[in-house]
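Read through the structure below, which is laid out as C-alpha cells, and then see the notes.
Every number in this text was worked out from the coordinates using simple rules, so none of it is lab data. Here the structure is a predicted model, which means the values were calculated and not measured. Here the Cβ is made from the backbone with ideal geometry for all residues, glycine too, and neighbour counts use every protein chain on show.
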Amino acid sequence: MTIIEPFRIKSVEPILFTTREQRAAILEKAFYNAFLIKADDVIIDLLTDSGTSAMSSAQWAGIMIGDESYAGSNSFFRFESAVQEMTGMPIVIPTHQGRASEKILFSIIGGKGKYIVSNTLFDTTRANIEVSGAEGVDLLCPEGKLPQVPAPFKGNMDVEALEKFIQEKGAEHIPLCMITVTNNSGGGQPVSMQNIRDVKKVCTQYGIPLFIDACRFAENSYFIKLREKEFANVSVPAIARELFSYADGCTMSAKKDAFANIGGFIALRDEALALKCRNLLIITDGFPTYGGLAGRDLEAIAIGLHEVMDEHYLQYRIRSIEYLTEKLIAEGVPVMQPAGGHAVYIDAKAFLPHIPSDQYPGQALVGALYLEGGIRGVEIGSLMFGKYDDAGQLIPSMMELVRLAIPRRVYTQSHIDYVAEVIIKVFKERHQIKGLAITYEAPTLRHFTARLKEIS
Ligand code: F0G
C-alpha cells in the first residue's frame, strides 16, 4: 500500500516559476551561491529542513494563545513540560535557535587547549567550539565514511577511536562528548541506541559528560525502532526517553523536529552549569523564561514536539526520503545509502569525477540543479568544510556531498517526482558541468556568503 501524507492541506503558498534563461542570469548574479538566490526565484526549495516545516492547525492555534509576559509566561511552562517529558531532563533553557544554545554552552565549557569529541559536529557547532578556542574532533565509525555502502547506523561514533583519543589527549582536556542525532553532516544517518550506550560507558569511565545534539531526535528514534530489534515494539517517545537518559544534557534547534519556524533550547541535569548558561542567556538571548523567543513560539514548539513523535508521521517522513533515494539509485545516480532521515545526499565526487575538489564539485552540482529545474540544494563538502594549509592549498573535505533537505509536511509526492526527474536529467548531461573558483570568502562559515565563478 502507498504510504500517504498523514495530513490534509488547509492553507497553501504559491510557487513562482522561472525559465531556464532567467535562472542562468539569476545564478550568475548570485555568484553561483544558492544562499544568495531569492526564495521567490526557487521552484522547489530543498536548501534546508530547518525552520521550513509546515505548522499544523494545532500549532497555529497555539500561536494565538501565546502568553507574551516577559517573565514566567504560561507558554514557557507548557514548553518546559514538553521538553522535560521528551528528554527526562529537569532543566530547560529556551534559546532563539540551535546555534544560540551552542554559543552559550561552548563559551562556558570550551576554550584553548580543549577538545570536543563527536560522531560529527554540525558546522555551526564546530564554529562555536572553534570560536571559543577549543578544537572539534569528529570520530565517525568507518562505515559512515563510505557514502555508497549501506549500513543501518552510519551515524555511530567510533568507540575504539574515542577511547584511544581520550587516552592520547587526557580526559581533563575533553570537557564534553557530543553525539549528533541523526548525523546531519554525515548524511542524516542514525545513531544506534547500542552505540549511545557504548559511548556513555566510555564517557562515564573517564568522567566526560555526554551531550546530544537533538535536532532530529524523533527521526533517529524511529530509525532505532525500525532497525534495532530490541526496539521493534517500543514506542517512539519511550525510545527517545531512553536515548536522552544516557545524556547529561542536550542542545536542540526546534527548527527541525519540533516543526517550528524558530527556536531552540538547552536541557540539562546539572544546576551549576545551568546557572552559568542562564547568566549568559540573559546577556545574549533574553530572560530565562523566553530566551529570545516570543511566547507564541514556545507554544508552537511545545505542540510540535508532541506531534513529531506520531508514528504515522514518522513512517511517512522516513519513507518520503527513501522514495526519492530509490528513484535516483534506479537510474545510477550516486547517492548516500541507505536514505537518511531528512535529506537525500548526492555524492558529487562520483557524480562529477571530472571536477577536482578544489573546483568544488558539490557547489557546481548545486548550480546545475538550480539551472535545470529551479531546485535549490546545499553543498556539504569542500566549500563548507575545506581549509587551507600553510602554502594556501585547499585541504579538501572528506566527502563532497550535495544535500537536498526535505522540509517537513511541505511538498507532495509529485513535487518529489519532479525533483527526481530533474536530477536524472542533470546526471545524463553531467559532462557539461564546469568547476567553480572562489572570488570572495569570509574567514568563518564561508559557504554562506562566498562568491564563485565558473571555470571555463
Ligand atoms: N545541529 C545540527 C545537527 C543542525 O543540523 C543545525 C542546523 C544546528 C545544530 C544549528 O541549529 O540552525 O537552529 O542554529 N542545521 C540547519 C541545516 C541550518 O540546514 O541543516 P540552528
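Report, in whole Å, the centroid distance computed from the Cα atoms of region 185-226 and region 273-344.
That distance is 15 Å.
From the backbone phi of region 308-322, what are the Karplus-calculated ³J(HN,Hα) couplings (6.51 cos²θ - 1.76 cosθ + 1.60, θ = phi - 60°) in whole Hz, Gly and Pro given as x?
5, 8, 5, 6, 5, 4, 5, 4, 5, 4, 5, 5, 5, 6, 5
From a point 7 Å beyond the Cα of Lys29 in the direction of its Cβ, which residues of region 354-387 have a backbone N at a distance under 19 Å?
Only 367-377 pass the distance filter.
So what is the relative contact order for region 57-307, in percent, with contacts set as C-alpha pairs under 8 Å and at least six apart?
Reported relative contact order: 32 percent.
State to the nearest 20 debye the size of the charge dipole of the chain about its Cα centre, where the only charges are +1 on K and R beta carbons and -1 on D and E beta carbons.
Roughly 240 debye, rounded to the nearest 20.
Taking the alpha-carbon centroid of each part, what is the distance from region 112-182 to region 6-73 in angstrom?
The two parts, judged by their Cα centres, are 32 Å apart.
What is the packing order of peptides 80-87, 281-288, 219-226, taking the mean over residues of other C-beta atoms within 10 Å and listing the highest first?
So the order, starting with the most tightly packed, is 219-226, 80-87, 281-288.
Could you tell me which residue out of Ser397, Tyr246, Leu352 lies farthest along the dipole of the chain toward its positive end? Charges go on the beta carbon: Lys and Arg +1, Asp and Glu -1, centred on the Cα centre.
Of the options given, the answer is Leu352.
Please list 3J(HN,Hα) in residue order for region 368-376, calculated via the Karplus relation 6.51 cos²θ - 1.76 cosθ + 1.60 where θ = phi - 60°; whole Hz, with x for glycine and proline.
5, 5, 5, 4, 6, x, x, 8, 10
Relative contact order of the chain, please, whole-number percent, based on alpha carbon pairs below 8 angstrom and at least 6 residues apart.
That works out to 23 percent.
Starting from the 7 Å offset along Cα-to-Cβ, what nm value, one decimal, do you get for the label separation of Asp310 and Ile108?
Label at Asp310, label at Ile108, 3.5 nm between them.
Quick query: amide H of Gly264 versus all other amide H atoms, modeled in the peptide plane; which residues come in under 5 Å with a sequence gap of 5 or more or a different chain?
Those lying under 5 Å, H to H, from Gly264 are Thr95, Gln97, Ala254.
Around Ile116, which amide H atoms from residues at least 5 apart in sequence, or from another chain, sit under 5 Å from its own amide H, with H modelled in the peptide plane?
Sorted by chain and number, the residues that satisfy this are Glu135, Gly136, Val137.
Using the Karplus curve 6.51 cos²θ - 1.76 cosθ + 1.60 with θ = phi - 60°, work out ³J(HN,Hα) for each residue of region 84-97 in order, rounded to whole Hz, and write x for Gly and Pro.
Listing the rounded values in order: 4, 5, 5, 9, x, 8, x, 9, 10, 10, x, 9, 7, 6 Hz.
Please list, ordered by chain and number, the residues whose modelled amide H lies under 5 Å from the amide H of Leu140; skip anything fewer than 5 residues away on the same chain.
Asp158
If I stretch the segment between Glu429 and Ala39 completely, what's the gain in nm (0.36 nm per residue apart, minus their alpha carbon distance), one decimal?
The span from Glu429 to Ala39 would gain 137.8 nm if fully extended.
For Gln148, put the label point 7 Å out on the Cα→Cβ axis and report which residues of region 343-381 keep their amide N under 17 Å from it.
Output list for this probe position: 345-357, 361-362.
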